[in-house]
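The structure appears below as structure tokens.
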Amino acid sequence: MFTGIIESLGKIHAIETHGTNKTFWIESPISAELKIDQSISHNGACLTVEEVQNNLHRVTAIEETLKKTSLGTWAPGDLVNLERCLIMNGRLDGHIVQGHVDATATCIDRKTLDGSWEFRFEFPKKFSSLVIEKGSISLNGISLTIFNVKKSKFDIAVIPYTFEHTNIQTVDPGSLVNLEFDMIGKYVARMHKSAHNKQE
């Protein structure tokens, strides 16, 4: 379980392909502190640490993960948002994030304002019931508030601290990002659907 408050930026050091899987070596300020079998959010996708070497750690994404996320587009030198799992006696500064990516979205606009940035994203329409005005979303693992919500589009605003300390700074029109919709919203939508099906 995560909060969507990014702890560190990592850089893709090397990529290996093994069958349908991809293994990533990631360099970061927290890599040396990680332990094997630890769950770490990488751009919002929960991956298991397999090996640690000094300031590098290794994780593998299987075919299913590569299909549902943007991880298959990663290249050496790319920046990755990292977050270690939540300690349950800590503050939940963002929102509840599982690290299970639901879909990808495409950036369709980016505006630089006086002291902040605004981004617009397009996402698959089938998830429209999970996106609400002023609701929370995990975008590349970052807990953000959405606004200007349409059936398949929404906006986010980014403060300077978030811009400087996450890879949102590298997102431009055409960029693909990972989305995880609010878990509570997903349960409510599921219950509503089940109740509606029973009535029919």
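The values are calculated or read from the model by the stated rules, or taken from the named source; none is laboratory data. Just so we're clear, the structure is a prediction, and the values are computed from it rather than from any experiment. Because the Cβ atoms are built from the backbone with ideal geometry, glycine has one as well, and the counts that use them run over all protein chains shown. These area figures cover heavy atoms from the full protein model, side chains too; ligands, DNA and RNA do not enter into them. Shrake-Rupley method; radii C 1.70, N 1.55, O 1.52, S 1.80 Å.
Miscellaneous remarks
- Links that overshoot a 23 Å alpha carbon limit, given the list Lys11/Lys134; Lys126/Lys193; Lys68/Lys151; Lys68/Lys134; Lys111/Lys186; Lys11/Lys153: Lys11/Lys134; Lys68/Lys134; Lys111/Lys186; Lys11/Lys153
- Column: log10 I(q)/I(0), Debye, Cα scatterers of segment 73-112, q = 0.16 Å⁻¹: -0.75
- The P(r) of the chain has a tail past 22 Å containing 48 percent of all C-alpha pairs.
- Divide the volume of the convex hull around the Cα atoms of segment 19-84 by the residue count and you get 85 Å³ per residue.
- Against the chain, whose longest principal axis is taken from its Cα atoms, helix 183-199 shows a tilt of about 40°.
- Where trypsin sites (Lys or Arg not before Pro) fall in DSSP loop in segment 47-146, at most 12 other Cβ within 10 Å: Arg91, Lys134
- Under 18 Å of direct C-alpha separation, and excluding same-chain neighbours fewer than eight residues apart, Lys22 reaches these aspartates and glutamates: Asp37, Glu50, Glu51, Glu63, Glu64, Asp78.
- Summed residue charge, Cβ within 13 Å of His13's Cβ, Lys/Arg positive, Asp/Glu negative: -2
- MRE, 222 nm, helices only [DSSP H, n ≥ 4, -39500 (n - 2.57), over the chain, to nearest 500]: -4000 deg cm²/dmol
- Segment 141-190 - Rg (one decimal) and Dmax (whole number), Cα, Å: 12.7, 37
- Loop-resident sites, segment 1-36, for trypsin sites (Lys or Arg not before Pro), counting at most 14 other Cβ within 10 Å (DSSP): Lys35
- Per residue solvent-accessible surface (Å²) - segment 114-182, probe of 1.4 Å: 47
- Pairwise centroid distance, computed over Cα atoms, of segment 133-200 with segment 69-115, Å: 10
- All alpha carbon pair distances within segment 10-122 were sorted into 5 Å bins beginning at 0; the resulting P(r) in whole percents reads 2, 10, 19, 21, 19, 14, 9, 4, 1, 0.
- The chain - percent of accessible surface contributed by carbon and sulfur, probe 1.4 Å: 51
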